[in-house]
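Taking it in order: structure first as structure tokens, then the write-up.
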Amino acid sequence: MDWDPHVTGRNGVLAQLADLIDTSTPQWPTLAELNRQLAADLPVHFIDDGRFAELNCYYEQAVAQGMVPTRAANWHDFFGAVIWALFPRTKALLNRLHMEDIAANGFGKRTPRRDRVTHFDECGLVLAVSDKAEAEHWLREHDWQRLFISERDRWGNNWQSFIFGHALYEQALAPFIGMTGKCVVLEMDTVFFSLPAAARYPLLDARLAEHLEQDTLFDRPRPLLPLPLLGIPGWWPANEEPAFYQNRDYFRPRRNR
């Protein structure tokens, strides 16, 4: 897909990046431009395929050395670079978890923990709320009517959602019914919700990294909660109609286990 300097205006999902990154360049940003704009204050920098090949190592090993392989003119890797800029502590933690499992089991054996880490890395969503217990309960129960209709006014106020998985941003280039984030719910102080977007991300990143590490979230099965992305108020025009949420193939009821 070609570069789009107006990408953040495509829909409400991509609009989350509007005040955070500059996409106004008429063509794909070069690796030098990505490093200048996104990596100036990071513990890593972005490298091209040629440099990665010279390292003769696995992706995770390169990142552990402070180098993130980043393909040119590639939306998936562009959004990956953006997430590094927004969540550097959490991204570094996820790579460290990979490296711990690799040290213990070798590169050839993909552990369940690594699969869970990768799932969140690609499709993760963070829901910041003022009261974690109630929001997390309704998510676990798949109570979409409560989450998206009865409590609708809370979205954008003391419920705020943040894309973490760069694959979700890539999917948002051509949204489809079925787009689902794998959600972690974080309780944040009241003042957080009134801060400018650029000020919220460092606080969220620190809290998320702390939560994932202290709760050893990826050590247990099914640690993430599904959240239909296009159901989030303001992120998709069709959800202004309550009938949108009647699609049980998308807004699935909870399965009894």
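Structure data summary
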| quantity | calculated |
| --- | --- |
| Filter pass, residue 150 being closer than 19 Å to residue 245 by Cβ, hydroxyl-bearing (Ser, Thr, Tyr) and within 19 Å of the chain's Cα centre (by Cα) | no |
| Selection from the range 43-58 of residues that are more than 30 Å from residue 199 (Cβ to Cβ) and either among the polar types (S, T, N, Q) or within 19 Å of the chain's Cα centre (by Cα) (or both) | 56 |
| Count - residues of the range 95-123 that are in contact (Cβ under 8 Å) with a residue 60 or more places away in the chain and under 22 Å from residue 43 (Cα atoms) | 3 |
| Sole exception among (1) out of contact with any Leu (no Cβ under 7 Å at 6 or more places or on another chain); (2) surrounded by 15 or more Cβ atoms within 10 Å (Cβ to Cβ); (3) in contact (Cβ under 8 Å) with a residue 60 or more places away in the chain for residue 39, by number | (3) |
| Of the criteria (1) modelled with pLDDT of 95 or more; (2) surrounded by 14 or more Cβ atoms within 10 Å (Cβ to Cβ); (3) charged (D, E, K, R); (4) out of contact with any strand residue (DSSP E or B) (no Cβ under 6 Å at 6 or more places or on another chain), which one residue 213 fails | (1) |
| Residue pairs meeting the criteria (Cβ under 8 Å; at least 6 apart or on separate chains; first of a type in the set (D, E, K, R), in the range 7-18; second surrounded by fewer than 19 Cβ atoms within 10 Å (Cβ to Cβ)) | 10/4; 10/173 |
| Evaluation of residue 126 against (1) touching a Leu at 6+ places or on another chain (Cβ under 9 Å); (2) part of a helix (DSSP H, G or I); (3) touching a residue at least 40 places away in the same chain (Cβ under 8 Å); (4) not polar (S, T, N, Q) (one fails), failing number | (2) |
| Selection count, the range 55-94, where residues are surrounded by fewer than 20 Cβ atoms within 10 Å (Cβ to Cβ), in contact (Cβ under 8 Å) with a residue 40 or more places away in the chain and in contact with a strand residue (DSSP E or B) (Cβ under 6 Å, 6 or more places away or on another chain) | 0 |
| Checklist (1) over 18 Å from residue 210 (Cβ atoms); (2) not assigned by TED's automatic domain parsing to the domain that holds residue 196 applied to residue 148, failing item | (2) |
| Residue tally, condition farther than 22 Å from residue 209 by Cα and not in a helix (DSSP H, G or I), over the range 102-119 | 5 |
| Extreme residue, surrounded by the most Cβ atoms within 10 Å (Cβ to Cβ), among residues of the range 218-257 that are part of a helix (DSSP H, G or I), among the aliphatic types (A, V, I, L, M) and touching a Phe, Trp or Tyr at 6+ places or on another chain (Cβ under 8 Å) | 229 |
| Complete set of residues in the range 172-182 that are free of Cβ contacts under 8 Å to residues at least 12 places away in the same chain and outside any loop (DSSP other than H, G, I, E, B) | none |
| Filtered residue count, the range 22-61, keeping only those that are at pLDDT below 95, of a type in the set (Val, Ile, Thr) and within 18 Å of residue 90 (Cβ to Cβ) | 0 |
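The values are calculated or read from the model by the stated rules, or taken from the named source; none is laboratory data. Quantities reported herein were computed from a predicted structural model and do not represent experimental measurements. A quick note on method: Cβ atoms are made from the backbone with ideal geometry, for glycine too, and the neighbour counts reach across all protein chains shown.
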